[in-house]
Each structure stands twice: as C-alpha cells, then as structure tokens.
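A.B. asks: Before anything else, here's the structure in question.
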Amino acid sequence: MNVIGVIPARGGSKGVHRKNIKELAGKPLIQYTIDEAKKSDNINRVIVSTEDDEIAQISRDLGAEVIMRPEELASDTAPTLPVIQHVVETLEKEGEKIDAVMLLQPTTPFRTVEDIDGAVELFKEKKPDSLVSVDSVPGHFSPLWQISLDESNEIKLFMNKYDSNIKDFKTRRQLLPKTYYRNGAIYLTKKEVIMTTGGHGEAGLYGKHCFAYVMDKENFVNIDTEHDFRTAELLLKN
C-alpha cells in the first residue's frame with residue numbers, strides 16, 4: 001500500500017505568530033512531525049504543503065519534500081481538503097500511484113512514529129474509508145456531565161437523548177460510558193475518498209466508514225495558542 005504523508009503548514013497563523021516554525025524546546029514545531037513521519041516504515045513520502053518560502057526551506061533541510069501551494073489555498077478560511085487534493089493531483093501528474101493519504105498536522109508534536117505505523121496497520125486490517133486518531137474524554141468532561149442553563153439560570157442536562165432533569169445526573173464517574181474526541185494527530189483516508197468527496201475542511205476526509213485509532217496519551221497537546229505552546233514546552237522539558 002502506497003501511503004503518503006501530507007503536512008500542511010501555511011505561513012499565516014492567528015493564534016501564534018509563525019506557529020509552524022516557531023521554536024519549541026529548541027526545534028521548529030514542524031520538525032517534530034517531519035522527524036517522526038520520516039522514521040515510519042509505512043509512509044512512503046513525506047510532503048509539506050506550504051505557500052511560504054521560509055517554511056519550505058526549513059522543511060527541505062529537515063528532509064521532507066515540499067509542494068508549494070497556490071495563495072488561495074493558504075488563506076485563514078482555506079479548508080484542508082483542497083490542500084490535500086492539490087498535493088495528490090501534483091504527485092499523480094508525476095506518475096505517483098497513491099492508495100491513501102495521512103494528514104499529519106504539525107500542531108501535534110507528541111505524535112510518534114509508533115502512532116503513525118500503528119494507525120496504518122489498523123487501516124490495512126480494517127480496510128475502512130478513513131481512520132482518525134482519538135483520545136478518551138476525561139470523566140469530568142463527559143457529555144453526560146455537561147449542563148445548559150435556561151433563561152432563569154435553571155440547570156438542565158445538555159444531552160437531550162437522556163432525561164434532561166438534573167435529578168438524573170450520574171454522580172459517579174465509573175457509571176459514565178466512555179466517550180472520545182478527535183485529537184487532530186492523524187487522519188488517514190483512501191485516495192479515492194479524498195478525490196471524489198465534496199466536503200470541506202476535515203469533513204471531506206472521513207468517507208462512509210471511519211474507524212478510530214485510540215492514542216490515549218498521558219501527555220498530549222494540540223497547539224493553537226501561546227498557552228498551548230508553553231504547556232508543550234514544559235512537558236518536553238520534563
């Protein structure tokens with residue numbers, strides 16, 4: 001199976017200035033993703049998609065291939081799917097035969113080569129349209145413990161499919177069913193799904209049958225803000 005890894009890294013960033021190449025514990029953020037992807041036995045090519053010359057040069061110096069994307073795919077509102085489609089189209093024009101694409105966002109530096117290879121092996125075994133990495137939701141953030149307030153500030157349980165009265169609140173964490181959230185580290189999708197879907201953003205990466213790769217890391221940060229950066233730096237130093 002020919003799986004290519006695509007790392008989207010545009011130059012603009014609202015939450016953190018020049019986030020993708022900002023130094024994290026002495027290395028540009030994007031290096032954590034490039035280094036782990038290059039170690040993988042299951043990723044055949046590691047491609048950085050960017051419109052930014054500095055990001056392109058740093059990525060090449062780190063051993064990744066670079067495909068320069070058009071400016072219209074590098075705006076604040078540009079969805080992810082067309083970026084990946086652009087990479088696939090570019091490679092296929094060069095004669096590359098692609099089976100699946102793994103989206104590796106540089107904002108998740110705690111993703112390891114073991115996660116990457118484990119996800120591909122599960123993808124080969126289950127043969128879904130797509131696979132997405134997830135972590136379990138801590139009990140105190142469970143949707144069954146989330147509440148909403150009416151106009152008078154009376155508490156109602158948020159999940160309508162359960163009895164919405166607060167008297168039915170499950171008080172013990174052990175009674176809660178386990179729930180998960182997408183952690184943004186890995187999206188692995190069949191090439192034909194990527195190239196035929198009309199979805200936007202991440203939605204176009206799922207297809208009809210989507211499986212989960214459970215990571216459940218003790219330390220994990222998806223970097224979007226300066227606070228996230230500081231948290232990741234503390235975890236790396238410790």
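None of the figures in this text is laboratory data; all of them are computed from the coordinates on show. From a predicted model like this one, the values you see are computed outputs, not experimental measurements. Don't worry about glycine lacking a Cβ; one is built from the backbone with ideal geometry, like all the others, and counts go over all protein chains shown.
A.B. asks: Hey, which lysines would be in cross-link range of Lys191, C-alpha to C-alpha under 21 Å, not counting anything within fewer than 8 residues on its own chain?
C.D. replies: Cross-link targets: Lys38, Lys93, Lys97, Lys124, Lys126, Lys127, Lys208.
A.B. asks: If you take every residue apart from Leu29 with its C-beta less than 10 Å away from the C-beta of Leu29, what net charge results, scoring Lys and Arg +1 and Asp and Glu -1?
C.D. replies: Neighbourhood net charge equals +3.
A.B. asks: Output the relative contact order of the chain, whole-number percent, from Cα pairs under 8 angstrom with separation of 6+ residues.
C.D. replies: Averaging sequence separation for qualifying contacts and normalising by length gives 24 percent for the chain.
A.B. asks: Taking H placed 1.01 Å from N in the peptide plane, check which residues at least 5 places from Phe211 or on another chain put their amide H under 5 Å from its amide H.
C.D. replies: HN-HN under 5 Å from Phe211: Ser130, Leu131, Val132.
A.B. asks: Pulled fully out, how much extra length does the chain show between Asn238 and Lys97, if you take 0.36 nm times their separation in residues and subtract their Cα-Cα distance? Each step should come with its number before you reach the end.
C.D. replies: Values: separation 141, 0.36 × 141 = 50.76 nm, distance 4.24 nm.
Result for the pair: 46.5 nm of gain on full extension.
A.B. asks: Just the Cα atoms of the chain, one point each, no solvent: what log10 I(q)/I(0) does Debye give at q = 0.13, 0.16 Å⁻¹?
C.D. replies: Listed by q, the Debye log ratios stand at -0.84, -1.15.
A.B. asks: Another one. Counting Lys and Arg as +1 and Asp and Glu as -1, what is the net charge of the other residues whose Cβ lies under 11 Å from the Cβ of Phe211?
C.D. replies: 0
A.B. asks: Relative to the longest principal Cα axis of the chain, at what angle does helix 113-126 sit, 0 to 90 degrees, rounded to 10?
C.D. replies: Its long axis makes an angle of about 80 degrees.
A.B. asks: OK, next. Taking the alpha-carbon distance from Lys217 and a cut-off under 16 Å, which lysines remain once sequence neighbours fewer than 8 residues away in the same chain are dropped?
C.D. replies: Once the sequence-local lysines are set aside, what remains near Lys217 is Lys178.
A.B. asks: Determine the gain in length on full extension of the stretch Thr231-Asn219; use 0.36 nm per residue of separation and subtract their C-alpha separation, reporting nm with one decimal.
C.D. replies: Result: 3.3 nm gained on full extension.
A.B. asks: Right, another one. Return one number: the angle in degrees, 0 to 90 and rounded to the nearest 10, between the long axis of the Cα atoms of helix 80-93 and the longest principal axis of the Cα atoms of the chain.
C.D. replies: Value to nearest ten degrees: 30.
A.B. asks: I would also like to ask the following. What angle do you read, to the nearest 10 degrees and between 0 and 90, between the alpha-carbon axis of helix 226-237 and the longest principal axis of the chain?
C.D. replies: Value to nearest ten degrees: 80.
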